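Below is one structure; the comments refer to it alone.
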Amino acid sequence: MEHSDLDLICGIERDIVERFLLLVKDKYRLADEANYFLELNLGASGINIAITNQRDILSHLCSILTDPSIDYRQKLDHLSTAEEHLRRAITESYERAVSLVLKNVSNIYQEYKRVVLPLKKPNSTLSSAPDMISCAKIFEEIEKKRTVGRRAKARNIWDAEWEKGNKSFLEAFKIVKDLERILEDYIIRAKQIKNNKKQLILTWWSIIATVVTAILGIILSYLLLK
């Protein structure tokens, strides 16, 4: 496709440059929000996935601006790929957040089953602790929302389904964090119960030892005076 000098910006077709600028203007803030979400909730963990995609966006722009060997159609391809990287910088950030927290919660759940569930029935303060069936339903709900998110991620378009996928990842993240808080709370309670029980046993043994020592002292004194 031929373009006059009036149609060029920095030697690049005007519509290509305008489309890229509109992409950044309309959508780049979503990538920043996703990156901030990762930093806020997970610190440095996982943010490379956003940074890598953002870097690739600029790499495709650089190819458009500096590679004289590519034609108009190839520039459009670069633009399309940059757009896909921008979508991934957003969606994969939320997906990564869910994956990282879920991995931690899975480890916490193993401790929960070992520490809390054996005490659930015999101790009334743990009666409200979720059982394995309840936890399984929560994990199932999380996985359903992750599936919706992954399905939307595969779409190469900015539409309601794509936005729904991001929302599903965020909903899954909230459920995972709520579950993490609940499990950790009951683990702390169960450990306190165990510690109190241990202290009670030690107290009783101390009392018994004191009584036995006193009795033995009385008997020994009696024998010595006899």
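None of the figures in this text is laboratory data; all of them are computed from the coordinates on show. Bear in mind that the values here come from a model prediction, so they are computed numbers and not experimental data. Every residue, glycine among them, receives a Cβ derived from its backbone with ideal geometry; neighbour counts consider all protein chains shown.
Between their Cα atoms, which of Lys137/Lys177; Lys113/Lys137; Lys120/Lys194; Lys121/Lys145 are more than 20 Å away from each other?
With Cα atoms farther than 20 Å apart: Lys121/Lys145.
Summing Lys, Arg as +1 and Asp, Glu as -1, what charge do residues with Cβ under 12 Å from the Cβ of Gly149 carry, Gly149 excluded? Once positives and negatives cancel, what remains is +4. Residues Glu163, Glu13 in ascending order of nearby Cβ atoms (within 10 Å, fewest first): Glu163, Glu13. In this structure, the amide hydrogen of Ile9, modeled 1.01 Å from its nitrogen in the peptide plane, lies closer than 5 angstrom to those of Arg14, counting only residues at least 5 positions away or on a different chain. Neighbour counting of Cβ atoms within 10 Å sorts the residues Lys120, Lys103, Lys191, fewest neighbours leading, into Lys103, Lys191, Lys120.
Converting phi to 3J(HN,Hα) with the Karplus coefficients 6.51, -1.76 and 1.60 and the offset θ = phi - 60°, region 89-94 yields 4, 7, 5, 5, 5, 5 Hz in sequence order, with x at every glycine or proline. Using R0 = 45 Å, the C-beta based FRET efficiency linking Glu140 and Arg14 works out to 0.30. Annotation: lysines with alpha-carbon distance below 28 angstrom to Lys25 (same-chain offsets under eight excluded): Lys75, Lys153, Lys164, Lys167. Note on Arg151 and Arg114: the model spin-label points, each 7 Å out from Cα along the C-beta direction, lie 3.7 nm apart.
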